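S.K.: Here it is, the structure, as structure tokens.
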Amino acid sequence: LSGWVLNAADGVHIHIEGNADDMDAFSYMLKREHPVAAAIHNIHTHEALVEGFTQFLIRESEAGTAEKTLVSADIATCKECLVELFDGSDRRFHYPFINCTNCGPRFTIIEDLPYDRKDTSMKNFSLCDACAEEYEKPTDRRFHAQPNACFDCGPHLSLYKSGASCLNGTTREESEEIITQTAALFRAGKIMAIKGLGGYHLACDARNENAVFCLRSRKHRYGKPLAIMVRDVATARRYCHINETEEQLLTGSVRPIILLERRGMSTSSFLAPSVVGTLHELGVMLPYTPLQHLLMHELDFPIVMTSGNLSEEPILSDNTVAHKLLGTIADAFLDNDRAITSRYDDSVLRVIGDTKIQCIRRARGYAPVPINFPKFESPQPIDSTEPSTGEVPSILAVGPEQKSTFTLTRGTQAFTSQHIGDLENAETFVTWKETIHLYEQLFGLTPSVISHDLHPEYLSTKWALDNSRELLLPCVGVQHHHAHIASVLAENNCPPETPVIGFAFDGTGYGLDKTLWGGEVLIATFADFRRFARLSPVPLIGGAAGIKHPARMAYALLKHEGLDAHTGADQLRARLGNAHITLMEQMLNGNINTPLTSSSGRLFDAVAALLGLCDDAPYDGGAPALLEAKIYNQDSGTPVNLPETPHPHFELTISSREDISYEITSRPVLIYLLNGLAENMDISVLARMFHEAFISMLFDCACKAREKTGINTVALSGGSFMNRYIITRIIPLLEQNGFTLLLNDQLPPNDGCISYGQAAVAAARLR
């Protein structure tokens with residue numbers, strides 16, 4: 001065959017000339033034998049004029065077309081490159097930036113499309129003759145691999161140690177010396193800042209309690225679990241149970257952090273206690289860059305790998321800024337001179353049961369690959385003679401304030417950003433705005449509609465309203481929990497009018513009645529919803545400040561149910577103290593900064609405090625995490641046994657409100673817990689009893705909703721469904737009783753899915 005191929009902004013263009021059989025064979029092979037890292041979504045074929053080409057050429061890329069093509073996410077080092085990395089006879093032996101067309105950086109080095117070297121941060125590195133020959137040779141594995149490089153022409157390492165001069169790895173010998181010295185620093189208990197694909201990691205010996213505790217203290221990251229990197233799956237099995245699906249994820253082309261069930265505290269004694277404390281899960285990942293492979297080859301122990309940032313700020317990617325801000329945390333910096341154009345944290349996943357994958361944080365390796373978006377076709381306007389284009393215009397959904405993402409839509413594609421963080425942090429807010437601009441530029445999208453949360457004080461909401469006024473764009477406000485359920489509907493490609501029983505259980509979200517929702521059972525479609533049931537609202541003492549103090553929530557819950565004088569609450573009252581209780585009573589009696597909340601997250605906070613596990617939240621979601629961890633035997637890692645006595649249940653009662661059918665009250669469960677505390681029952685048993693009661697409540701609500709509405713499909717979303725014990729137990733319980741169950745798939749059930757859900761609601765309403 002003769003002709004040509006080129007990269008254009010709207011995809012790959014191929015012109016072929018030859019006999020019919022050869023062209024048919026080419027079309028067949030193109031669909032089935034494309035490169036490993038490629039994904040072909042559509043092939044459009046038409047006849048062209050024969051121009052008489054005598055050879056097949058690769059033409060220069062075209063830019064400027066209206067529609068932009070997709071961008072590959074970053075890919076872990078492939079097996080072929082790993083072989084070369086440790087082959088002493090290969091010219092890239094021990095080169096920390098080895099890559100080919102099947103692996104290496106992508107989105108984190110791209111400045112513009114089409115994806116050519118001149119539009120990446122590799123433009124500053126001119127190919128040497130050997131690399132240029134590979135780059136130009138169609139049969140070579142590095143043919144048009146944009147980050148292609150070697151010691152002679154590519155990026156290099158550098159090591160900065162406190163009080164010492166910088167070491168530069170411009171040669172193989174110098175680079176190997178840097179790896180050797182870095183390994184020695186780990187062994188000496190030092191904290192390293194290591195520049196990776198999407199930003200810096202802070203790292204230390206995961207066995208060294210002094211080092212881990214020092215890292216936590218310097219970074220002001222108290223209590224929140226830390227992930228570890230290990231050399232291989234065999235090492236990971238020393239600490240955790242690993243099934244086939246988890247092993248595939250650990251060793252696959254993305255290599256995210258996988259939350260694995262620990263084997264028990266005794267078998268995890270090789271790790272420093274401060275890595276994850278008493279939590280039942282451990283975040284584990286394997287090396288995914290050549291540099292990490294080289295480091296772990298030198299080290300025979302796991303290392304902590306956590307985001308290189310100050311607490312609650314975005315991950316750092318610029319060398320100069322990192323040295324300035326991380327200088328008080330890290331003892332040394334392992335840098336390189338390849339610029340990062342887009343910051344990316346590590347993605348985090350969990351496997352439920354044997355095969356179901358739950359996304360916890362979507363970032364490196366997954367974003368910005370688009371997610372399927374339902375085809376909401378616009379009908380013909382009644383008052384218009386112009387034909388409908390058939391597609392809803394591009395929507396920018398700006399998401400929530402915490403665990404922020406945004407989503408841009410294009411037809412049946414939704415470009416949901418990587419996890420960015422909490423927008424209340426000024427640096428994160430700046431990063432969020434910069435990333436919106438980057439996505440609009442790269443994918444050639446100019447939104448015609450902006451969708452946002454209803455919370456008037458969210459920075460994302462304020463930004464959306466300001467920009468809609470400035471750009472004269474319509475705005476679509478979407479209730480927080482409706483967005484949760486809509487995200488599940490959209491991910492599962494449900495028909496536009498299909499209703500579901502939606503459980504939106506999370507921390508807090510602004511409700512239509514201006515209270516704080518978070519324990520909602522909705523009858524929902526894409527466009528609308530109504531509340532079927534809710535957790536009975538409780539005063540949140542101190543408003544947002546009350547979220548940080550679960551003991552306040554526990555007292556408010558007991559007071560609300562008239563149980564504050566129960567002897568089982570003696571220890572809670574003693575820990576709070578008379579002065580604090582008096583102040584809370586005054587706030588409750590005067591209705592001073594005590595907004596009502598139906599939040600399931602706050603319920604878990606209250607129970608954790610009541611059982612004496614957590615009076616002050618160590619981090620967002622910390623109290624519920626400690627409550628879940630208490631279910632398990634610390635030695636065996638299995639759930640504690642339950643007594644054969646009757647188990648407590650939540651009550652489902654008819655609501656007096658017209659807009660809600662049922663109220664869910666926790667009073668019977670609280671009485672059981674209080675009696676257990678008064679009788680000195682095992683706290684682990686009480687923690688598991690509460691979880692079992694919560695699971696039963698979910699099932700009872702689903703059955704009641706099915707009975708009243710005839711709807712048989714259940715959608716689960718919200719941070720409460722990131723609880724491994726709950727989600728593992730509720731899935732089979734619902735499915736075995738004839739329910740069709742829908743879950744978030746590519747997006748997390750926490751607020752990371754909200755922007756995608758907002759876009760779906762806006763599209764449905766526009767339709």
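The values are calculated or read from the model by the stated rules, or taken from the named source; none is laboratory data. Predicted, not measured: the structure shown is a model, and the values here were computed from it. Note: ideal-geometry Cβ built from the backbone for every residue, glycine included; neighbour counts use all protein chains shown. Each accessible area value is taken on the protein alone, full model and side chains, heavy atoms only, with ligands, DNA and RNA left out. Shrake-Rupley method; radii C 1.70, N 1.55, O 1.52, S 1.80 Å.
S.K.: Tell me, what is the per residue accessible area of the chain in Å², probe radius 1.4 Å?
M.R.: 41
S.K.: One quarter of the convex hull surface, Cα atoms only: what value does that give for segment 166-234 in nm²?
M.R.: 6.3
S.K.: Next up: Filter the trypsin sites (Lys or Arg not before Pro) in segment 505-589 to those in DSSP coil with at most 13 other Cβ atoms within 10 Å of their Cβ, and list the result.
M.R.: K514
S.K.: How large a share of the accessible area of segment 111-203, in percent, is made up of carbon and sulfur atoms when the probe is 1.4 Å and the other protein chains stay in place?
M.R.: Carbon and sulfur together cover 47 percent of it.
S.K.: Pairs K118/K195; K123/K190; K161/K630; K433/K559; K224/K462: which exceed 32 Å Cα-Cα?
M.R.: The pairs that break the limit, which is 32 Å between Cα atoms, are K123/K190; K161/K630; K433/K559.
S.K.: To the nearest Å, what is the center-to-center distance of segment 724-767 and segment 229-301, using C-alpha atoms only?
M.R.: The two parts, judged by their Cα centres, are 28 Å apart.
S.K.: Sticking with this one: Quick one: pull the percent of accessible area on segment 569-726 belonging to carbon and sulfur, 1.4 Å probe, ligands and nucleic acids left out.
M.R.: Percent of accessible area from carbon and sulfur atoms in segment 569-726: 50.
S.K.: I've got another one for you. What are the aspartates and glutamates whose alpha-carbon lies under 18 Å from the alpha-carbon of K137, with same-chain residues fewer than 8 places away excluded?
M.R.: Excluding near neighbours in sequence, the set is E60, E80, D116, D129.
S.K.: Kindly rank 191-200, 690-699, 576-585, 500-509 from highest to lowest mean number of other beta carbons found within 10 Å of each residue.
M.R.: Listed from highest to lowest mean packing, they are 500-509, 191-200, 690-699, 576-585.
S.K.: Which percent of the Cα-Cα distances in segment 152-275 go past 23 Å?
M.R.: Here the long-distance tail beyond 23 Å is 44 percent of all Cα pairs in segment 152-275.
S.K.: In addition: Hey, rough spin-label estimate for R218 and A234, points 7 angstrom out along Cα→Cβ, what's it come to in nanometres?
M.R.: The answer from the label model is 3.3 nm.
S.K.: Report, ordered by chain and residue number, the aspartates and glutamates lying within cross-link reach of K403, taken as a straight Cα distance under 13 Å and ignoring same-chain residues fewer than 8 apart.
M.R.: E312, E313, D345, D422, E424, D506, D620, D751
S.K.: How would you classify segment 651-708 from its alpha-carbon gyration tensor, with a ≥ b ≥ c the square roots of the eigenvalues: rounded for a/c under 1.5, else prolate if a/b is greater than b/c, otherwise oblate?
M.R.: oblate
S.K.: Can you tell me which of 659-665, 648-654, 670-676, 535-541 comes out highest on packing, and rank the rest after it, using the mean Cβ neighbours within 10 Å?
M.R.: 535-541, 670-676, 659-665, 648-654
S.K.: Rank-order 756-764, 12-20 by packing density, defined as the average count of other C-beta atoms within 10 Å over each peptide's residues, highest first.
M.R.: Packing proxy ranking, top to bottom: 756-764, 12-20.
S.K.: Spelling out what I want: for every residue of segment 121-127, take phi, set θ = phi - 60°, compute 6.51 cos²θ - 1.76 cosθ + 1.60 (Karplus), and round to whole Hz; glycine and proline get x.
M.R.: Running phi through 6.51 cos²θ - 1.76 cosθ + 1.60 with θ = phi - 60° gives 6, 7, 4, 7, 10, 7, 5 Hz.
S.K.: Let me ask something additional. Can you tell me the Rg and the Dmax, both Å, for the Cα atoms in segment 566-635?
M.R.: 13.9, 48
S.K.: Share of segment 274-430's accessible area from carbon and sulfur, percent, 1.4 Å?
M.R.: 51
S.K.: Please list, in order along segment 564-573, the HN-Hα scalar couplings obtained from phi with the Karplus expression 6.51 cos²θ - 1.76 cosθ + 1.60 (θ = phi - 60°), rounded to whole Hz, x for Gly and Pro.
M.R.: Working through the residues one at a time gives 5, 8, 4, 4, x, 9, 4, 5, 4, 5 Hz.
S.K.: In degrees, nearest 10, range 0 to 90: what is the angle between the Cα axis of helix 600-610 and the longest Cα principal axis of the chain?
M.R.: 60
S.K.: Shifting gears a bit: Viscosity 1.002 mPa s, temperature 20 °C: Stokes-Einstein D of segment 251-306 from its Kirkwood Cα radius, in µm² per second?
M.R.: After rounding, the answer is 170 µm²/s.
S.K.: Still on this structure, I have one more. Sum -39500 (n - 2.57) across every DSSP H segment of at least 4 residues in the chain, then divide by the residue count to get the 222 nm mean residue ellipticity, nearest 500.
M.R.: Calculated at 222 nm, the ellipticity per residue is -9500 deg cm²/dmol.
S.K.: How big is the equivalent ellipsoid of the chain along its three axes, where each semi-axis is √(5λ) from the Cα gyration tensor, reported in whole Å from largest to smallest?
M.R.: The equivalent ellipsoid of the chain has semi-axes of 46, 34, 23 Å.
S.K.: Let me ask you something else. Considering only DSSP beta bridges where both residues belong to the chain, give the percentage that are antiparallel (nearest 5).
M.R.: Taking every DSSP beta bridge within the chain, about 70 percent pair in antiparallel fashion.
S.K.: Now, a different point. Based on alpha-carbon centroids, what's the gap between segment 1-57 and segment 654-714 in Å, whole number please?
M.R.: When both Cα centres are located, 60 Å separates them.
S.K.: By the gyration tensor of its Cα atoms, with a ≥ b ≥ c the square roots of the eigenvalues, what is the shape of segment 581-713: rounded for a/c under 1.5, prolate for a/b over b/c, or oblate?
M.R.: oblate
S.K.: Quick one: Cα centre-to-centre distance for segment 536-556 and segment 137-178, in angstrom?
M.R.: 53
S.K.: Next up: Report, to the nearest 10°, how far helix 209-219 tilts away from the longest principal axis of the Cα atoms in the chain, using its own Cα long axis and a range of 0 to 90°.
M.R.: Value to nearest ten degrees: 90.
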